[in-house]
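Below you'll find the structure, written out as structure tokens, and then a few comments.
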Amino acid sequence: MAKYVIQTEQGAAPQGAYSQGWRAGDFIFVTGTGPVDAKTGKLSGESIEEQTELVISNMEAVLAADHATLADVVKVTVHLSDPALFARYNAVYARRFSVPYPVRTTVGSDLRSLPGMLIEADCIAYAPQRSPRRESPALRKRNAVASARNSYPLGPAVGMLARDLRK
């Protein structure tokens, strides 16, 4: 199963110790993102509608960096600074995602860590890999050596000792 980090300059850069996204097998996990402009790194949008557009675009950019789309999204979690904004945010969400919609959880949250932020969202997509990443011959050899070292039940040190004793 392939597991690797997904990064893109097209989406909001992380503001802390986390990755924009991860692929684990056929699933892509996109970090919680706010309405942060990818070019400026600043909060953008005054209204919930503007901010929702940007949040979804940021998630879409991370998905696109690994050849997935919003149509691949199966789960979305949304945090709203005020649950009274639900209907307005939902109108944008319904336009950006298509039927059948992903499952979704929407909760009211304290988003004051970034003043003016009205929404944050993350998602999970199911997107089978279109083509496996190819290993170079050098990487294939290194992985084979590492696999051989770790194939002994008592760990790599015993494996190396066992090989040395056979020489």
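The values are calculated or read from the model by the stated rules, or taken from the named source; none is laboratory data. Note that the coordinates shown come from a computational prediction; the quantities given were computed from them, not determined experimentally. Positions of Cβ are backbone-derived with ideal geometry, glycine not excepted, and every protein chain shown enters the neighbour counts.
Computed quantities for the displayed model
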read-out: Matching residues, the range 79-89, being crowded, with 18+ Cβ neighbours inside 10 Å and over 19 Å from the mean Cα position of the chain (by Cα); value: 80, 81, 85, 89
read-out: Spans of helices (runs of 4 or more DSSP H) in the range 42-149 with at least 1 residues among the basic types (Lys, Arg) and at pLDDT below 95; value: 137-149
read-out: Out of 76, 30, 62, 92, sole residue that is more than 13 Å from the chain's Cα centre (by Cα) and either within 21 Å of residue 125 (Cα to Cα) or exposed (fewer than 15 other Cβ atoms within 10 Å of the Cβ) (or both); value: 92
read-out: Conditions (1) touching a residue at least 40 places away in the same chain (Cβ under 8 Å); (2) in a loop (DSSP other than H, G, I, E, B); number of the one not met by residue 30; value: (2)
read-out: Some residue of the range 45-55 being crowded, with 16+ Cβ neighbours inside 10 Å, small (Gly, Ala, Ser) and on the phi < 0 side of the Ramachandran plot; value: no
read-out: Given (1) more than 14 Å from residue 122 (Cβ to Cβ); (2) touching a helix residue (DSSP H, G or I) at 6+ places or on another chain (Cβ under 7 Å); (3) assigned to a loop (DSSP other than H, G, I, E, B), number of the condition residue 12 does not satisfy; value: (1)
read-out: Subset of the range 110-130 [surrounded by 10 or more Cβ atoms within 10 Å (Cβ to Cβ) and farther than 21 Å from residue 20 by Cα]; value: 116
read-out: Test for residue 80: is it touching a helix residue (DSSP H, G or I) at 6+ places or on another chain (Cβ under 8 Å) and more than 26 Å from residue 129 (Cα to Cα); value: yes
read-out: Count of residues meeting criterion [more than 18 Å from the chain's Cα centre (by Cα), of a type in the set (Lys, Arg) and closer than 9 Å to residue 78 by Cα] in the range 99-128; value: 0
